[in-house]
């Protein structure tokens, strides 16, 4: 299968189409038009067609896409038809939330190793995984062959955490710590910024309020 | 100040510029070019200029932007110069992670009410906030005048949670539950999907692997 280099924003949209197709399949739908798929994803139908065109031809003009087939194609394209083992650094609240999130496991992401520096946490078990001291990280991650690491430490410990993950052979890192991390160019880094979600919503509320005020300010004929 | 209706993706980029300007100010920089700002944000400089043009004219050709001034302008544009009270529904791991995230408070987001249906959690305190039963949600959220709600319940309880928030007068909702929610058109809803971050990263790793395999498959002259 072709795995072209495409923009992160395209990958995110493909993930969203994959999710919507899953819902459509659960709703018992057999076919879906690019217009309907676009509507549910909040994009234009031209965008849907363009995003899918990277991977070949799907669907038929006037007929739409076969829900089940496109779902499976996207699943394979996105690499969700296999298991991804992940190592978690930091065993605080964010780590716990990620670990408990059922949806990850269903999509093939398994946390197989958890590390922290806090001696009170070391030795505790989350499900089948025992929290280990960060000094065990490099040999353990190497032994397990894990290539996906998650940094969920406080900001001050995040660079050290990612350095250890990289030293252990990890090639993809998700960073939940609120600071910029340096990684070698061959390592893929994604920064997850939960504050941006709050900020974007706050802007929408403020914009709606401002429009409401302007409307109210228009004099009304009585 | 003008608060134009702009795409969510633009708002997200503005939030990212705001964050970068904060870092630049901490690094002691006084001026920044649109090229440099663009580089750090991972976009083109034309994009930076276009995004900022919605709000007037910033910076001077050849001189760049004044870091401190643009930071303050963006802060006001994004509504981060005020306090946003939030209500949390669900007091599980995701809620706890959000509540503990220091960065939110620093940006003006305060969780002033937390609700759950679990009687063992009701009455517990997180900092200054006591967890209350969901049946207290509507009167409490109304009394506090909260307009921003966060759904952090399991998927099956999420629609009921958002219905209560809307009934209580909330106009913006962040949904962390992995299911689609229905809200009236005047309510702003943002779905936060942490799985998409993992999925995007997995695609990048797979794409890099596929390229590596192709490179290795090329016969080498000896």
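Computed from the coordinates by the stated procedures, all read-outs in this text should not be read as laboratory data. Because the structure is a prediction, the values reported are computed rather than measured. Positions of Cβ are backbone-derived with ideal geometry, glycine not excepted, and every protein chain shown enters the neighbour counts.
Across A:209, A:119, A:197, mean-square fluctuation computed from a Gaussian network of chain A (C-alpha pairs under 10 Å connected) peaks at A:209. Where chain B is rotated onto chain A, the residue of B whose Cβ comes nearest the axis, and that gap in whole Å, is B:97, 2.
P(r) tail for chain A: Cα pairs beyond 21 Å make up 65% of the total. Solvent-free Debye calculation, one equal scatterer per alpha-carbon of the range A:15-141: log10 I(q)/I(0) at 0.10, 0.21 Å⁻¹ equals -0.48, -1.09. Kindly express, to the nearest 10 degrees and within the range 0 to 90, the angle between helix B:8-26's C-alpha long axis and the longest C-alpha principal axis of chain B. Computed tilt is about 70 degrees. Measuring nothing but alpha carbons in the protein assembly as shown and taking Rh as the Kirkwood radius, the Rg to Rh ratio lands at 0.97.
With R₀ set to 35 Å, the beta-carbon distance separating residue A:7 from residue B:167 gives a calculated FRET efficiency near 0.30.
For chain A, the longest principal axis of the Cα atoms and the long axis of helix A:155-167 meet at an angle of about 70 degrees.
Where both bridge residues fall in the range B:44-203, DSSP classifies roughly 10% of the beta bridges as antiparallel. Hydrodynamic analysis of the range B:84-195 uses the Kirkwood radius over alpha carbon pairs. Inserted into Stokes-Einstein at 20 °C and 1.002 mPa s, it gives a translational diffusion coefficient of 156 µm²/s. Normalised by 2.2 N^0.38 Å, where N is the number of residues, the C-alpha radius of gyration of the range A:8-77 stands at 0.97. Comparing mean-square fluctuations of B:92, B:64, B:145 from a GNM of chain B with C-alpha springs under 10 Å, the top value falls on B:64. With contributions of -39500 (n - 2.57) from each DSSP H run of at least four residues, the per-residue ellipticity at 222 nm computed over chain A stands at -14500 deg cm²/dmol. Distances, shortest first, from the label point of residue B:54 to those at the same position in the other copies read 2.4 nm; the point lies 7 Å along Cα to C-beta.
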